[in-house]
1. For segment 10-28, enumerate the residues that are surrounded by 10 or more Cβ atoms within 10 Å (Cβ to Cβ) and part of a loop (DSSP other than H, G, I, E, B).
2. Look at segment 40-61 and say how many of its residues are under 23 Å from Gln114 (Cβ atoms) and either touching a strand residue (DSSP E or B) at 6+ places or on another chain (Cβ under 9 Å) or polar (S, T, N, Q) (or both).
3. Look at segment 50-66 and say how many of its residues are of a type in the set (Gly, Ala, Ser) and open to solvent by 60 Å² or more (accessible area, probe 1.4 Å).
4. When you scan segment 37-47, do you find a residue that is surrounded by 13 or more Cβ atoms within 10 Å (Cβ to Cβ), modelled with pLDDT of 85 or more and aliphatic (A, V, I, L, M), even just one?
Amino acid sequence: SNSNSNSQVVTEHVNIIVMEKGVFVQGESKIQVDSVSTDNINPHTGWMRVNFSVPFDRVPIVLSQLQSYNTNSSKSNLPYLKTRHVQVDKFGFSVAIEAESESFVDKSDSLPGQIIGFI
């Protein structure tokens with residue numbers, strides 16, 4: 001529940017979907033669900049290459065989300081972090097962590113130990 005400006009309680013409904021890690025095939029469609037640690041983000045570029053466990057037949061659509069936010073970093077006061085990916089191909093993609101108020105998290109502080117989930 002939430003309150004609006006008139007202090008009335010407003011009920012909110014949230015739909016979720018839960019998927020386990022793995023590769024799922026339905027007809028001609030393939031979905032791969034996995035996660036990766038940010039421990040291997042390149043400190044010079046701020047990007048990390050993620051390889052799919054099974055290549056796709058065509059370039060897939062990739063959705064990713066930061067699954068953890070360990071505060072072992074000088075950036076622990078950032079209110080919101082998100083993932084950004086580029087160079088998507090049949091074999092994988094490159095990912096970086098982006099902060100709400102700055103273009104990229106400082107490359108020298110690549111937030112190691114975070115978990116990025118992707119579909």
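1. Of everything in segment 10-28, those that are surrounded by 10 or more Cβ atoms within 10 Å (Cβ to Cβ) and part of a loop (DSSP other than H, G, I, E, B) turn out to be Met19, Lys21.
2. The number of residues fulfilling the criteria is 14.
3. Residues flagged as of a type in the set (Gly, Ala, Ser) and open to solvent by 60 Å² or more (accessible area, probe 1.4 Å) within segment 50-66 amount to 1.
4. no
The values are calculated or read from the model by the stated rules, or taken from the named source; none is laboratory data. As the structure is a prediction and not an experimental result, all values here were calculated from the model. All Cβ positions, even for glycine, are placed from backbone atoms using ideal geometry, and neighbour counts span all protein chains on display. Protein only, heavy atoms only, side chains kept; ligands, DNA and RNA dropped before computing areas. Shrake-Rupley method; radii C 1.70, N 1.55, O 1.52, S 1.80 Å.
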